Structure formats: C-alpha cells, structure tokens
Amino acid sequence: MADSAQAQKLVYLVTGGCGFLGEHVVRMLLQQEPQLRELRIFDLHLGPWLEELKTGPVQVTAIQGDVTQAHEVAAAVAGAHVVIHTAGLVDVFGKTSPETIHEVNVQGTRNVIEACVQTGTRFLVYTSSMEVVGPNIKGQPFYRGNENTPYEAVHRHPYPCSKALAEQLVLEANGRKVLGGLPLVTCALRPTGIYGEGHQIMRDFYHQGLRLGGRLFRAIPASVEHGRVYVGNVAWMHVLVARELQHRAALMGGQVYFCYDNSPYKSYEDFNMEFLGPCGLRLVGTRPLLPYWLLLFLAALNVLLQWLLRPLLLYAPLLNPYTLAMANTTFTVSTDKARRHFGYEPLFSWEESRTRTIRWVQAVEGSAQ
Ligand SMILES: NC(=O)c1ccc[n+]([C@@H]2O[C@H](COP(=O)([O-])OP(=O)(O)OC[C@H]3O[C@@H](n4cnc5c(N)ncnc54)[C@H](O)[C@@H]3O)[C@@H](O)[C@H]2O)c1
Ligand SMILES: C[C@@H](CO)CCC[C@@H](C)[C@H]1CC[C@H]2[C@@H]3[C@H](O)C=C4C[C@@H](O)CC[C@]4(C)[C@H]3CC[C@]12C
C-alpha cells in the first residue's frame, strides 16, 4: 500500500493507452492507483474520451506518438517512474506486413527499453501474450498449464514471433543500469484471449451473426478449450504488478505471469455465446457443421484471395490457417503465480465480467440500429 510520503508522487506512462486493453488500464490506474500524480497516455491515435479524464485530480497528459520513433518514445518516458508498455500491432489476419509488425512490436519495445535506460525510468511492465508460448505450429494442446509447464514454443506467424522476441528483450533488460546507476526492473504479463467492453472481434462475430439471421454456425468442436480473460482483470493485474514491482523487485524482476481470472474453460465459440446468446444469437450445431479438411481448404482459399485481391482491396477475413489452428487447439492456463508473487486476485467475478460484456454488446446493438 502507498505510504503517505509517496502519495500522489508518481508519474506513469501507458503506451498504447487508447487501445482496447490500454483504455481499461488507463481507467483502472485512475481509479485504483492512489500514488498517481501524472498519467501519460502515449498512442499513435488518441481517443476523444481522453478529454473527460482531464478534469480529475490526476494530471492526464495525452501524447500522440509512434513507438517506432525512438526520440518520441524517449521524450514521453523522460521523468516517468513506471512504464506500462501495451502498444502493439495485434494482427493475425494479414492486414499488416510482417515487417511492420516486427517494427512496431519488436523495435518499438526496444525503443521503450532504451528510453527507460537513457532517462532513468526504473520500472517497466510489458504486455506480452499467451502466444509467446503457444499454440505452436504443431497444434499441440496446452491443457491448464502454468508458467513452468514444458511446451515446445515454435512459431512461424509474424505476430507471435514478434511478441516472443519483444518479451525476451524486456526480460533480458531486467537489471540493466538506468541513468543514475540504479537497476531497471522489468516483467511481462501474458494474457490469454482478452474479452470485454471494446473487444473488436466480439463485435465482428456479433455483426456476422446478425447478418446470418441471428445464427452462428459451429466450426470448432466444443471439446477444444480456449483460454480467455476479462479485460478489467487484465487491466487490474497491470496496475497491481506495476505497483508491487516497486516493492518486490528481487522477486518479480525478470518474471513472466500469465493473466488469468475465473472465466470458464470453453471452446472459443461456446465462450462467445455466453455474451452473444443473451443478445439474441444462436450457435447452430452441437458438432462442427463442416469437416476440418473443408475448413482448412476454405482458410487456404482465403489466403489465396487475400493475395490476389491485395492490389485492389484489403481482404482480411477472420478465417485463415493460423486463426483456425488457434481456435482448434486447446490452450488454457491454470496458475496462481501472480497471486503468490504480488497478491493478485481478480477484481471482477465471472458473473460481473459476463454481465458487463453483455451490456456492452447490447449497447453495440443499440448504436448499430
Ligand atoms: N487482444 C487480446 O486478446 C490480447 C491478448 C494478449 C495480449 N495482447 C496484447 O495486448 C496489447 C494491447 O492489445 P489490444 O488488443 O488492446 O490491441 P489494440 O490494437 O486495441 O491496442 C493497441 C494500441 O497500440 C497502439 N499502437 C499501435 N501501433 C503503435 C505505434 N507504432 N505507436 C504507438 N502506439 C501504437 C494502437 O493505436 C492501439 O491503441 C498488445 O501488445 C497485444 O499484443 C492482446
Ligand atoms: C474458425 C472460426 C470459426 O468461428 C473461429 C476463428 C476464431 C479466431 C478469429 C480467434 C480464435 C483465437 C483467437 C486469438 C486468441 O484468443 C488469442 C489471441 C492472443 C492475442 O495476443 C491477440 C489476439 C489473439 C490472436 C486472438 C485473435 C482471434 C482468434 C485467432
């Protein structure tokens, strides 16, 4: 807990603070971090909602910038006590080139680390991903594993490759001397598939269901478990880890933590139905309606179409061989490392996470009419 001498003294920087997760981290910091004096929000695209935050007791500074530009990052980091680096390019649909994904996710992270070292910022939290571990290209299941569960992490897709490289950079930077001579303390959080208010893919599935007359068609066996975590709990874990890193550097520095809560283990589609069902959609079929080989064929066809159409338009459907492999491979975590190391307990129960997400989907529905 904050000692009174330190109350409202700290400057935090959140990169990617206007993204899906970033916005929740920003709002959670303002609600739950009593030591906060200034909150800097660094993003390529600043959201209009930032304006409403500027009237509170904490100084909110919005910085439009690009993590690939080292000088912009250094200027934003200078004077910050803690950096939460959540900016990244999340693309598993082929919207962006592999080079750009690498540039933003890897070089961007390198710039953040170097900025901390050069300007004397000591605490760095990195938003990594479960994909740093898997599912791997062999489609091997990871069943309720923890941070020490052996798993062959082999990637080919640019997104997981970039997250794995960036995470490694962050962990290797732990202990480096920053300006002033003190050591940098870093750690990485690995969320599974995040859901909740603002989740674009959930919105896409919802609209797809509406277009199909209120139905979605089962493509993945119900037995394939896919790890999911509520965005509010991911944000809460970021706030807590950033706070506790300052007190438990020896224990937490250089560590990775899966981001988890009490969301149930279900298939990707069955899990989505927890929210889309109450909003009027129905999942047709108790088993996949198409055989796997046909789905794989359609996924490959989408890749070909994407390539053929590229000169004319961006064709980036949800289904491609990589997303199919992800959805079709069991990958769930079961761990208490974050609880043991820094006292993490989910802030939102499953019931509350579910209710909040349903309300948000209903609001999306309302705004679409
Ligand atoms: N969404 C998930 O299920 C999930 C799961 C695990 C990990 N993650 C990680 O969480 C982080 C946030 O993901 P998200 O789902 O909120 O994605 P998002 O796309 O909603 O947010 C990313 C933010 O980063 C910003 N950004 C992108 N490129 C930038 C650049 N060059 N300079 C500055 N800002 C830039 C974007 O403008 C955006 O606001 C990412 O690092 C992602 O890898 C996401
Ligand atoms: C075959 C389709 C039939 O309905 C289903 C396709 C679903 C896919 C679009 C999603 C299945 C798994 C998702 C990913 C997963 O939840 C974890 C992720 C990690 C994170 O770092 C970024 C997002 C994502 C890659 C997420 C993206 C969407 C899926 C591939």
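Here's a check for you: in region 261-281, which residue that is within 16 Å of ligand 1 (Cβ to nearest atom) and among the hydrophobic types (A, V, I, L, M, F, W, C) is surrounded by the fewest Cβ atoms within 10 Å (Cβ to Cβ)? That would be PHE271. Taking the stated definitions as given, is ARG144 closer than 26 Å to GLU72 by Cβ and among the charged types (D, E, K, R)? Answer is no for this residue.
Elements of the type strands (runs of 3 or more DSSP E) sitting completely within region 162-219 and holding at least 2 residues that are over 22 Å from THR355 (Cβ atoms) and open to solvent by less than 40 Å² (accessible area, probe 1.4 Å): these cover 185-191.
Of all residues in region 205-230, those that are aliphatic (A, V, I, L, M) have Cβ atoms under 9 Å from Cβ atoms of residues that are open to solvent by 60 Å² or more (accessible area, probe 1.4 Å) and within 16 Å of ligand 1 (Cβ to nearest atom), 6 or more apart or on another chain, in ALA222/LYS266. Here the helices (runs of 4 or more DSSP H) wholly within region 282-368 that include at least 2 residues being surrounded by 15 or more Cβ atoms within 10 Å (Cβ to Cβ), under 21 Å from the mean Cα position of the chain (by Cα) and among the hydrophobic types (A, V, I, L, M, F, W, C) are 321-327, 337-342, 350-368.
Filtering region 264-299 to residues that are in contact with a Ser or Thr (Cβ under 8 Å, 6 or more places away or on another chain), under 30 Å from LEU240 (Cα atoms) and within 12 Å of ligand 2 (Cβ to nearest atom) leaves SER267, PHE271. When restricted to residues that are modelled with pLDDT of 95 or more and over 17 Å from PHE123 (Cα atoms), region 1-15 contains 0. Tallying residues that are touching a Leu at 6+ places or on another chain (Cβ under 6 Å) and part of a loop (DSSP other than H, G, I, E, B) within region 224-279 yields 1. Within region 220-260, take every residue that is of a type in the set (Phe, Trp, Tyr) and either modelled with pLDDT under 95 or open to solvent by 10 Å² or more (accessible area, probe 1.4 Å) (or both) and give me the one that is farthest from ligand 1 (Cβ to nearest atom). Per the stated criteria, the residue is TRP236.
The values are calculated or read from the model by the stated rules, or taken from the named source; none is laboratory data. Values in this document were obtained by computation on a predicted structure and should not be read as measured data. Quick reminder, even Gly has a Cβ in these numbers, built from the backbone with ideal geometry, and neighbours come from all protein chains shown. For accessibility, only protein heavy atoms count, side chains too; no ligands or nucleic acids. Shrake-Rupley method; radii C 1.70, N 1.55, O 1.52, S 1.80 Å.
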